[in-house]
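A short worksheet on the structure shown next.
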């Protein structure tokens, strides 16, 4: 298994401003060409953690997926992050993983955050996925999934566990401790990528992104 160069992007997200966020990330990522193998963006990186699914959702042929494919090709690196997707009449908080060749994998968030009403607007995923990339087996998960250790249990002999998140500052201790616990119990490298800043609901995010 060769070394894997990772770039984790901890940044502020403009609330429900997809084009603004994509333009911003295009600028942020441009210096990474040839310098990395995998770029990890936060949960709902085009909108922030919004429940406005009807207005903001795209299809798998929409502009965000096309942007991810272009970035992956231009930067010669895989790129991943979650966004709001409409599929078969339902809305998903869907993590997308796109390779430089344009191959796309996706994972739908299993554990929806009911305290924010996420379950009222989105459909939960039903299965995990394992992504093969550069000799690594990668298990992607999203935010609240972190609190459910059985869901990340390493029964598939994966090498790398990645969480993308919008995890609030007031629960930063839980974020830090749970990531460490998942790394220890699964005996794998573990990545947590969180956003920073204040959203339109007055929720503060401290980042605390980490590679373990």
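Starting from the Cα-Cα distance between residue 114 and residue 101, subtract it from 0.36 nm times their residue separation and give me the gain in nm to one decimal. Each step should come with its number before you reach the end.
Details: separation 13, 0.36 × 13 = 4.68 nm, distance 3.66 nm.
Gain on stretching residue 114 to residue 101: 1.0 nm.
The simple spin-label model puts a point 7 Å past each Cα toward its Cβ; for residue 52 and residue 3 those points are separated by 4.4 nm.
Of all DSSP beta bridges in the chain, what percent run antiparallel (nearest 5)?
Details: 22 of 41 bridges.
Bridges in the chain are about 55 percent antiparallel.
Packing here is the average count of other Cβ atoms within 10 Å per residue, and on that basis the peptides 180-189, 12-21, highest first, run 12-21, 180-189. Convex hull volume per residue, computed on the Cα atoms of the stretch 6-211, equals 109 Å³. A Förster distance of 22 Å, applied to the separation of the beta-carbon atoms of residue 129 and residue 59, puts the FRET efficiency at 0.70.
Would you work out the relative contact order for the chain, in percent, from Cα pairs under 8 angstrom that are 6 or more residues apart? Show your work: numbers first, answer last.
Numbers: 458 pairs, mean separation 40.6, N = 212.
Relative CO of the chain lands at 19 percent.
Residues of the stretch 13-52 falling in the label zone of residue 211, defined by backbone nitrogen less than 12 Å from a point 7 Å along Cα to beta-carbon, are 36-40.
Among 104-110, 171-177, how do they line up by average Cβ neighbours within 10 Å per residue, starting with the highest?
On the way: 104-110: 20.0, 171-177: 14.1.
The densest-packed peptide leads the list: 104-110, 171-177.
Mean separation of Cα pairs under 8 Å and 6 or more residues apart, divided by the residue count, gives the stretch 89-196 a relative contact order of 20 percent.
Computed over the alpha-carbon pairs of the stretch 163-208, the distance histogram in 10 Å steps reads 28, 49, 19, 4 percent, short to long.
Each reported figure results from applying straightforward, stated rules to the coordinates on display, with no laboratory input. Note that this is a predicted model, so its numbers are computed, not measured. Ideal geometry is used to build each Cβ from the backbone, glycine not excepted, and the neighbour counts take in all protein chains shown.
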